[in-house]
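The structure appears below as structure tokens.
Just so you know, all these numbers are worked out from the coordinates, no wet-lab data involved. Since we're looking at a predicted model, the values are computed, not measured. Heads up, the Cβs are rebuilt from the backbone with ideal geometry, glycines too, and the neighbour counts pull from every protein chain shown.
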Amino acid sequence: MRTEDTAVAAAPPLGWAAVRGPSMVPTFRDGDQLLVRYGVAVRPGDVVVARHPFQQDLLVVKRAVGRRDGGWWLLGDNPYVPNDSREFGTVPAELVLGRVLGRYRPRKGYSSTAAWLLGAVRPVGVERSFSRRLRAR
């Protein structure tokens, strides 16, 4: 008799997340769609999707600056919006769900097709120097 393992995946390996709000400007704008890879290792400088520590049903998109006290210090790229670890502290590692791989910006208004195509799809890379500047604050 043969038994098969039935593993249920907690989340699909790839998914989409929508950006709402200005906390990641200039990297992301309100309405951008993000391609997210779930369940991967996070490094300092990565843009991540995480559950808000105080509102578990709310997902946040932030930059992982560094490890602190068993979790991650997450900051938005917009220093004028304090909805990040400056407000809610260290985010436990189990609440960090995945890493952002790329961005898709939907076409708005009457912009030219060529200009939209040049900026619509963009991979998201690690900005090591940016995370170091944030850590120095």
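Take the Cβ atoms of Arg20 and Arg107, set R0 to 22 Å, and the FRET efficiency comes out at 0.75. For the pair Gln55 and Arg86 in one chain, pulling the backbone fully straight at 0.36 nm per residue adds 9.6 nm over the alpha carbon distance.
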